[in-house]
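One structure is given here, and the rest of the page talks about it.
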Amino acid sequence: MSNNLVVRFAGEGGQGVVGGSEILAAAAAAVGYHILTFSTFPSQIKGGPAWGQARISTEEILSSGDELDVLVALNQYAYDHNVEELSSTGFVVYNSEEFELDDPRAIGLPADQMARDAGNPRAANMIVIGAVAQLADFPLGYLEEFVTKRFSRGRPGDEQIIEGNIKALHMGAEAAKELGMSLDSLESPKSIEGERILIKGFEAACLGAIAAGLDSFIGYPISPATTMLVYMESNLHGSDKFVGQASSEIESIASLIGAGFSGKKVMTSTAGPGLSLMGEGLGLAWMAEIPLVVANIQRGGPATGLPTKTEQSDLIVAINPGHGDMSVPVIAPGTIEEAFWAAADAVNWAERYQGPVILLSEASIAERQQDILKPDMSKLVVENRSVSDGSEGNERYKGDAVSPFPVPGGPGAYVANGSEHDEQGDTTHLPDVHIRMTERRFKKLELLMDGHYEAENTDSSIALLPWGSSKGPTYAAFQSLRSKGEDIAWYYTMYLNPLPTALLDELLSKDLVLVPELSYLGQLAQILRAKGIKAEPITQYTGLPFKENVLEARITEIVQERAGRMLVS
Amino acid sequence: MSKRNPEYDFKWCPGCGDFGVKRAVEAALTDRAATLSQPIENSVIVAGIGCSGNLVHLQEGPQPFGIHGIHGRTLPIAYGLKSSRPDLNVLIVSGDGDFLSIGAEHIGPQAKRNIDVTAIIMDNGVYGLTKGQASPTTEIEVITSTTPYGKLDDPSRPLETYLAAGVSFLASTLSTQVKAMQQLITEAMEYPGFSIVHVQSPCTTYNDNYAALKGNEKEGILPMAYPIEEGHDAGDIDAAYRLARDSRIPVGIIYKREDSIPAHERLDLARERTGATQKSVEELFQTMAI
Ligand SMILES: Cc1ncc(C[n+]2csc(CCOP(=O)(O)OP(=O)(O)O)c2C)c(N)n1
Ligand code: SF4
Ligand SMILES: [Mg+2]
């Protein structure tokens, strides 16, 4: 028996490979398994190599998985480019109408013909899923239940579609059975306490922001952040709420400044190219002290880069998105649950310190689907900016830190000014005012240094500190290393700027802090070194997330090489 | 120098056209507050970057709110502000460079949305604050610091640009006619939709065209500016285009679309039509229940 199943559907964009993996995952989730999906595809609507992967487990899942138990290959290219990730006990299911394979582990199915025979030409995916289920000894009943639920939409023809799909599942399973191959069967799911939901990362982030009282959302479409704009357009529409599509990211950020100034809680979503365009606007929000949240969903590369791939290469630009002296607060969730809380915190932080906050996520988290326990709303804290009652007169920028925010329509009229300004917001060039106001803006960050962080085995002098999506695979590697007796510490936080003060203190005492991150530069490691921490990155820049075993091997190598060096010296 | 803040260190040059615009804005905002019995704090001035934008710091008497942001972005700032708070009165003050050069990309989208804000453009045919470079409205062949051979580009024709973009209300005036300008600003603010008041506001330091605007009767030079005749039908877009294409400067209301539904009302109507209501986070989670 095995407790883990990884299935990859590989083919071309438009062939339903992502849909295939999501149906399998959703069916497994419905019967009590933990699931996590991951997909990758080129930036085009039809064609180009694409794959969707489902990991199904009886245990909590930390990453999209290392080796494939089943590879579904819809064309030769998909086979050629994915088969090396197949486990030694794995199988390939392929579309024998497209190509022929000479591989003893491969099962060819004429899926399109079989789907037509089943009476539903669109059920080729179901044929394949039936075969996969058979291979993994995954009860077809689970899938039947799921298909029935999914297609019972109260429309004429539902029944026929359900029937065709169920028939397709069975035909696929029969075909696989005839070939007499099978994987280690999957253990039955464990019972999970509590209310579970099946949610994608971008949905969790949107809901976190809505829960914290978001009023306005304005954005411009860009992969992989468009999903947030689309979700908000159809889910944030109370009478005092506003969602709009801007004409560019320059418009998005400028309009958020207007909206944030008006007293509202506001947010946009974007990715690298859009964040670059927002640089000047974010500087204005910092200078004029306007609360707002930019969700930046990282993708690969400078310029247009790798629009649909995942990377962690925007940390430095998130902290310093524009010219001049500023340091924008950044919260980067590492899991889907954290995406919910991070978004709520981002809205709260913007209110608390009155300025821009970046919610820094990644394609692989935003698009991932996972089963989680419904967030415990009793733990939700909603913060609201302190509002001026007029007792400061027109002096909105009075004092050496946060001061009450005058809301238009109420007392305390001032000019929210992007030029250096005095207390009333009038432009000035006087050195003593620039010194005073610069220090005021940085001092406000002290309100954000109490963030939570995780710490384990803290006595060790070598520590791991991943960020964002690298958390899951790094934690899996950490657990494995610990079980092998390796002495290594674990630290993690989603509050990347400013870092929690207590965490900084702990890291400063370490001999080595290893930072797994998906970029060439190793940006968090760079930032930590600037703070005097002996940090070294473990980098990968493939456009894909880390694998647990690869990461474990690289950590082991560094730690052993170090131990060797210490023996010699 | 702003009376409320003696430390503020910006000054306009003597004779700058923007002084007249400032007085008209002050009077229009104070009057509006009195007429509607609303506090002046219900008005927000969104200012561009340029000599013109500094108007926001120079308001005397009761103070409206202000945003003095970054170069060229008054329109999107106003879009977010008005969309989130339709109850506020939003007034833009901007220059020909700020609005028609770096900010030009925003005119079309806001006109099509029909955001209910009023933009006052102080056109001096030059970049004043950066000391005299060519702007979109600088005439051809004019020598400036960036056009040593004389300007090579054809000048932009803002009135025509606005109409083509779909602006709902358009007026054109001169900075010297303070009372009349105040009236136009008031009417523009009352108008439900995107309104522009384009003001010829000469720069005495870098492009002093007062003489040309006024003309000289004695020397037989016709004034550039002339009042729009009584019979003009501002609801007629063709008549509006004829005025906007005139090489001289018409003064008065050029266009006033009659069936204007501003952006925030369109949203309210759409929500009413579709019955869209806000679901609680709990309800949204329920849609994801396994
Ligand atoms: C992004 C950016 N580019 C350039 C500038 C420099 N700049 C400031 S004002 C200005 C031109 C202003 O011209 P106009 O809008 O006509 O205003 P005026 O001073 O004539 O009233 C420029 C280019 C800037 N502040 N920001
Ligand atoms: S430079 Fe021109 S526009 Fe600027 S204040 Fe002087 S006269 Fe006015
Ligand atoms: Mg100008």
In chain B, which helices (entire DSSP H runs) extend 24 Å or more along their own long axis, judged by Cα positions, while averaging at least -0.5 on the Kyte-Doolittle scale?
B:18-36
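Express in % the proportion of alpha carbon pairs of region A:1-144 at distances exceeding 20 Å. Working shown, then result.
Numbers: 4354 of 10296 pairs.
The share of Cα pairs beyond 20 Å in region A:1-144 comes to 42 percent.
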Net charge, residue A:223 excluded, C-beta distance under 11 Å - Lys, Arg +1, Asp, Glu -1
+1
Can you name the helices of chain A, as whole DSSP H runs, whose Cα span along the helix axis is 24 Å or more and whose Kyte-Doolittle mean is not below -0.5?
A:158-178, A:336-353, A:548-568
Amide H neighbours of residue A:463 under 5 Å, counting only residues 5+ apart in sequence or on other chains, H built in-plane at 1.01 Å?
A:489, A:512, A:513, A:514
Suppose we take every Cα in region A:386-448 and form the convex hull; what volume per residue is that in Å³?
81 Å³
All alpha-carbon distances of region A:276-400, grouped into 10 Å bins from 0, give the whole-percent distribution 12, 36, 32, 15, 5, 0
So, in region B:2-261, how many Lys pairs have Cα atoms under 28 Å apart, if the pair is 8 or more places apart or on different chains?
24
Long pairs among A:443/A:547; A:200/A:265; A:265/A:471; A:484/A:510; A:190/A:484; A:149/B:279, criterion Cα-Cα beyond 31 Å
A:443/A:547
Mean-square fluctuation check for chain B, GNM, Cα pairs under 10 Å: which of B:144, B:204, B:130 is largest?
B:130
Over every pair of different alpha-carbon atoms in the protein assembly as shown, take the mean of 1/r and invert it; report that Kirkwood radius in Å.
29.9 Å
Only residues of region A:41-60 count here: report those whose backbone N is under 19 Å from the spot 7 Å along Cα→Cβ of residue A:379, or say none.
A:60
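Region B:71-163: which GluC sites (Glu not before Pro) are DSSP loop and have at most 15 other beta-carbon atoms within 10 angstrom?
Those that pass, being in a loop and sparsely packed, are B:139, B:141.
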What whole-number volume per residue, in cubic angstrom, does the convex hull of the C-alpha atoms of region B:47-193 give?
113 Å³
Could you run the Debye sum over the Cα atoms of region A:454-568, one equal point scatterer each and no solvent, and tell me log10 of I(q)/I(0) at q = 0.22 Å⁻¹, two decimals?
-1.36
Cα extents of region B:152-290 per principal axis, largest first, Å, are 86, 37, 32
Name the long-range amide H neighbours of residue A:68: under 5 Å, sequence gap of 5 or more, or other chain; modelled H, no Pro or chain starts.
A:86, A:87
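What percentage of all Cα-Cα pairs in region A:225-326 are separated by more than 24 Å? All intermediate terms of the calculation are to be shown ahead of the outcome.
Numbers: 1130 of 5151 pairs.
Of the Cα pairs, 22 percent sit more than 24 Å apart.
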Given a cut-off of under 8 Å on Cα pairs at least six residues apart, what relative contact order in percent is computed for region A:454-568?
29 percent
Given N residues in region A:184-266, what is its alpha carbon radius of gyration divided by 2.2 N^0.38 Å?
1.47
How high is the FRET efficiency from residue B:190 to residue A:316, r the C-beta distance, R0 41 Å, rounded to 0.05?
0.25
When region A:198-376 is reduced to its Cα atoms, the Kirkwood hydrodynamic radius in Å:
15.5 Å
Gaussian network model of chain B, Cα within-10 Å springs - most flexible of B:181, B:224, B:122
B:224
Compactness of chain B - radius of gyration and Dmax, Cα, Å
20.4, 87
Identify the trypsin sites (Lys or Arg not before Pro) of region B:193-274 meeting these criteria: DSSP loop state and at most 16 other C-beta atoms within 10 Å of the C-beta.
B:218, B:245, B:248
Figure the gain on full extension for residue A:102 and residue A:159 (residue separation times 0.36 nm, minus the Cα-Cα span) and round it to one decimal in nm.
16.6 nm
If you filter region B:3-81 for trypsin sites (Lys or Arg not before Pro), then keep DSSP loop positions with at most 14 other Cβ within 10 Å, what is left?
B:3, B:11
Between region A:361-379 and region B:162-236, what's the alpha-carbon centroid distance in Å?
56 Å
How big is region B:214-271 by Rg and Dmax over its Cα atoms, in Å?
17.3, 62
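Just so you know, all these numbers are worked out from the coordinates, no wet-lab data involved. What you see is a predicted model; the values in this text were computed from it and never measured. Ideal geometry is used to build each Cβ from the backbone, glycine not excepted, and the neighbour counts take in all protein chains shown.
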